[in-house]
Structures are given as C-alpha cells and as structure tokens.
Amino acid sequence: MNKITRFIILVAVILVVGLVVRYTPLSQYFTKEQIVSFLESLRGQWWGPFIFIAIYSVGCVVALPGSLLTLAGGAVFGTAWGTLYNVIASNLGASLAFFAARYLGRDFVKSFLKGGKLAELDEQIGRSGFKTIFRLRLIPIVPFNGLNFGAGFSAVRYRDYLLASVIGMLPGTFIYTYFADALLEGVQGASRAAFLNLILAGVLLIFISFLPSIYKKIKGGNSYDTV
C-alpha cells in the first residue's frame, strides 16, 4: 500500500466517523448526556473501567473530544480512580492516534518536506521532541486530538512523545477530573464544600495555562545568568 493510499484511508476514516457522529441518526448516541449516561451504567461493575478505557482509547483515534471523555471519567469514577483511568486511557488513546498518523500519514507528509525550511523545522522538532510535546501538552487550548495526529505526522520519536504526554497531561487530567467530580457533588449535594472545590479546580486550571510562560521566563532568566 503506497503512502498516498494510506493517507487517504486515514483522512477518510476520520471524516466518515465525524459525519456519522454529527449527521446520521446515530448522532443521538454521541451526545454528552448519552455518553455520560452510558458510562454511569458502568459504575460499580468490575469491568466498567476496562470498557471506559477502551471507549476513550478508540475515541482518540476517531477524534472524539478527549475533554468530554475526561470529564465523564471524573463524574463517573470520582477524582482518585477517575484520574488514574483517565491517565491510562488518554495516553493509550494518544499512542494509538500517534501510530495511526505515523503509519498512514507520515510518509505522505514527509514527501512534501524534502529540503527547505519545513524539512529543517521537522528535524528540529524531532530533536527537541520531548520539550515540544511537553510544552504543548501543558497548554489547555491546544487540541488534544490535533496534537496526537500532528506528532505522528512529524519526526518526533515515540519515546519522547509518550514520556512528554504522560507528564504533560497529568496536571490537566487531574484538574478536569477533579472539576467534574466536584461539579457532580455540587449538583447532588449543593454543599458549600463542593462549591469551594469548583472554585479551586477553576483556579488550578487558570494556573496551569500560565505554566508554559512561567517556564519560558525561568529558562530565559537562567540563560541570562549564565552568560
């Protein structure tokens, strides 16, 4: 199978799934309410976490919203177990999406990068793969699925990608999971503690969005001091 055919297959699968989820009668099963309702039915079942992890992982490959699944994990399993399951599922799904892009699209993309600045940029990203992925994972506005596929298209080594993803996504995963759990507690109990938890989760989410800038300033300051 040549590189063009593989790339077409990748794009076609993502487009078809997106159209099915949005424009066919099956779309009613992919709403936020339906997904959360189904996952709630897994609560208390010993096999529930395995089904959740499988759904989350496959969802990453077909570009389902990772944030929605993370929030669902927190609402269904709570902060502690929800964080654990979300970390496992999100990184497994990120790896599957990475390999799908690497096998089906990397050669096709690379054929457009022969020589020139884009090829140099691709090589630079490959050399600084951990730093690049780690920084991007810390920024909440960077699309989760977009980065998964983008990394697979690039020269980033999987080892760097996986390590940076595990570490970089951990703070955000915990915050989203904690937020969902606190929100559910607030709806069910309407307690002051749940409200305070929501505020804390919001503050943490705002703080994490500034981490890349803080890191950059610290690094710049250290570089200046060593000159």
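The values are calculated or read from the model by the stated rules, or taken from the named source; none is laboratory data. Please read all numbers here as calculations on a predicted model, not as lab measurements. FYI the Cβ positions are ideal-geometry reconstructions off the backbone, even for glycines, and counts take in every protein chain you see.
Worth a mention:
- Close pairs (6 angstrom Cβ cut-off, 6 or more residues apart or separate chains): under 9 Å from Ala180 (Cβ atoms) in the stretch 64-76, of a type in the set (A, V, I, L, M, F, W, C) and crowded, with 24+ Cβ neighbours inside 10 Å anywhere: Leu71/Ala180; Gly74/Ala180; Ala75/Ala180
- Residues of the stretch 38-68 classified as exposed (fewer than 15 other Cβ atoms within 10 Å of the Cβ) and aromatic (Phe, Trp, Tyr), total: 3
- Of the residues making up the stretch 102-120, one or more are within 16 Å of Ala164 (Cβ to Cβ) and more than 15 Å from the chain's Cα centre (by Cα).
- Any pair with Cβ under 6 angstrom, 6 or more apart, that starts in the stretch 132-155 at a residue that is modelled with pLDDT of 85 or more and ends at one that is in a loop (DSSP other than H, G, I, E, B): Leu136/Val142; Asn145/Ala63
- Scanning the stretch 156-169 for residues that are surrounded by fewer than 17 Cβ atoms within 10 Å (Cβ to Cβ) and either hydroxyl-bearing (Ser, Thr, Tyr) or modelled with pLDDT under 90 (or both) turns up Tyr158, Ile167.
- Unmet requirement for Val58, which otherwise passes all of (1) farther than 20 Å from Ile139 by Cβ; (2) of a type outside the set (Asp, Glu); (3) at pLDDT 90 or above: (3)
- Of residues in the stretch 1-37 being modelled with pLDDT of 80 or more and of a type in the set (D, E, K, R), the one surrounded by the most Cβ atoms within 10 Å (Cβ to Cβ): Arg6
- Residue check, Phe77 more than 12 Å from the chain's Cα centre (by Cα) and more than 26 Å from Ile8 (Cα to Cα): yes
- Of the residues Ala101, Ala94, the single one that is among the small types (Gly, Ala, Ser) and closer than 21 Å to Thr177 by Cα is Ala94.
- Subset of the stretch 14-46 that is outside any helix (DSSP H, G or I) and either under 21 Å from the mean Cα position of the chain (by Cα) or of a type in the set (Gly, Ala, Ser) (or both) - its residue that is farthest from Ala63 (Cα to Cα): Gly44
- Members of the stretch 86-104 that are free of Cβ contacts under 8 Å to residues at least 40 places away in the same chain and crowded, with 24+ Cβ neighbours inside 10 Å: Ala89
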